């Protein structure tokens, strides 16, 4: 940081150079702009940064400087940040010509007729006054500005002794000059709130973890007692069955004796036979009931043991990751191998243990660029990613190896898509063009030029013969996928086209726009069929139902709407979000609708009635993207809070939390088979997660170098489980 920023008129440059030299000779670090160039926004930002990082603002007063627009801007910026102001007079001027903030200060006279050395000593004394306070003022202001410019990022806050010292400095700043700025106060208050919140979270996490462990231990103890009771009941019923069997034998013998003794007593013999059969039926029923009770007791014991092992694995996850993986694997196998189920707790702890040991497929190659779009190839063998580093990449979905880098765009790649046969790739960019690539070689097949603003969305027709693009130039266009020839321009919107989609039969197109409407078009001639009017803010997302009979739109007005695709009539409005709806989707069976919102939630709705079924809560920041699994049974959501989550689409229950990103998750996508999820986010990171329990256990077992020892099996109760 500089000790002093020197503001001057270019006509006084020789005097400014002398002041600069004298300050350097006295071990001061001055900041001066010597460039004589026309002002630009980049240049002015650099000057403003110099003012912010300097302890003192020195203004050379002269007839030229007091009328300089640049000097006035510099003074105003210094005043805005409560910088200490030191006016130095080089040539006399009228008092009313000087900025009012400078008029209120003690001037230091260094005119030609003044004693330069004496005046310079006064200047040095002014610079050194309250120097410790001033330097802290500058340091805290610099950090506060950086925090503010980074959207108040929590990682930039003050902590520990630094925060305590800053609060002490703020307390005395009201009696010092210059005083602290509002930004100082906001930054220090936000730092304290963040630290307090972190402490509360830590205390809460410790309390919850302790409660969970105690609860699981108590539950395991209860389950053990219940299992013992069930075993005793089963034994008692077994004995009853044996007694019944003995009784049956007795009755049979009695019937035989009766037969021998009284051949003529046929009716009595038949009655006794029936009694014997009934006794046998009762005995068999009791035996079956005892067997059911035994199986139930064994299942209850397995569930108890699985929960206990998961609790032990959770306790070891930070101390011994390999032991945690072994225990959580046993927890999952305990119920899965016998009953075909895995407890949510077992699955969560297993995934957490694996993630702690860094067992996941991470695709790195986009550098620090944000990954805005992720898509699986139709055969599930490749993953396509698009980034603001101006490239798209194709990856091997099994190994994570980078197969192709698609270079050619001159700006951010906003959107991408595979052709239905997986042979071609389409990318759309902020450079106003879309490109078609050979998915095998990465060669550019055609460049789609015609838009004159950002391309926001691309889509391939169901038959793969046409490509649809939507742009900030308020149009959508249809192109020949083989030749790249422009076929249609869909004009009619009064704002940017954010989202486009083909109908399942390829005969119609829907577009969503900033002009608060969606439109339906005929794909043959480009004629507008319907204008869907009803939203009161931007339409961010559009989607067709699988049968093509209905349309779904999501808007910044906090609602989604369902429309009749044949008439354009609004069927119902999905209300319940408290912020804009960023993303919408239909389930594969057409029974559910899913919406993701900036209000930190996603919601599941009945597609027939519009009734809200579940609210998926768990994120603590905006939900950017959503996707339904191919079988319609699960949902994945991606959020600004660095995580993705998988949910049960039938119950709304959270199935798993997918961690690993360092910043927001902007795109989520299911593998066509539904066993894996790909997520893309900031800093060029793409993660691939498995949702298949068999694969998860296989991965876990492949990453450990040992098995549980006999002592560990005895300690954690693994012996004799199966």
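Read-outs throughout are calculated quantities, based only on the coordinates presented, and are distinct from any laboratory measurement. Small disclaimer: the values here were computed from a predicted structure and weren't measured.
What's the extension gain from residue 24 to residue 229 if we count 0.36 nm per residue and subtract their Cα-Cα distance?
64.9 nm
Given in Å, the Rg to one decimal and the Dmax to the nearest whole number for the Cα atoms of the stretch 118-170 are 15.0, 48. Over all orientations, the stretch 4-191 has a Cα convex hull whose mean projected area works out to 11.3 square nanometres. Between the stretch 535-567 and the stretch 578-630, what is the C-alpha centre distance in whole Å? For the stretch 535-567 versus the stretch 578-630, the Cα centre distance is 13 Å. Return one number: the angle in degrees, 0 to 90 and rounded to the nearest 10, between the long axis of the Cα atoms of helix 116-128 and the longest principal axis of the Cα atoms of the chain. Approximately 20 degrees, to the nearest 10. Compared with the dominant principal axis of the Cα atoms in the chain, helix 182-261 is inclined by about 0°. Subtracting the Cα-Cα distance of residue 193 and residue 522 from their residue separation scaled by 0.36 nm leaves 112.9 nm.
The relative contact order of the chain comes to 6 percent, based on Cα pairs under 8 Å that sit 6 or more residues apart.
Against the chain, whose longest principal axis is taken from its Cα atoms, helix 321-339 shows a tilt of about 40°.
Given contacts defined as C-alpha pairs under 8 Å and at least six residues apart, what's the relative contact order of the stretch 369-427, whole-number percent? The normalised contact order for the stretch 369-427 reaches 31 percent. Considering every alpha-carbon pair of the stretch 262-345, the percent of pairs per 10 Å bin, from zero through the bin containing the longest distance, is 17, 26, 16, 12, 11, 9, 6, 3, 0. Per the Debye formula on identical point scatterers at the alpha carbon atoms of the stretch 540-670, with no solvent, log10 I(q)/I(0) at q = 0.13, 0.18 Å⁻¹ is -0.46, -0.88.
How much of the DSSP bridge set in the chain is antiparallel, in percent, rounded to the nearest 5?
Values: 117 of 131 bridges.
Among the beta bridges of the chain, antiparallel pairing accounts for roughly 90 percent.
Shape class for the stretch 445-514, computed from the alpha carbon gyration tensor (a ≥ b ≥ c): oblate, with a/c not under 1.5 and a/b at or below b/c. Using 0.36 nm per residue and subtracting the Cα-Cα separation, the extra length available between residue 654 and residue 14 on full extension is 223.3 nm.
Hydrodynamic estimate: the Kirkwood radius of the chain over Cα pairs, inserted into Stokes-Einstein at 37 °C and 0.692 mPa s, corresponds to D of 103 µm²/s.
When the Kirkwood hydrodynamic radius is evaluated over all pairs of different C-alpha atoms of the stretch 377-505, what value in angstrom, to one decimal, is obtained?
Kirkwood hydrodynamic radius for the stretch 377-505: 14.5 Å.
Annotation for the stretch 90-160 versus the stretch 407-481: alpha-carbon center distance of 54 Å.
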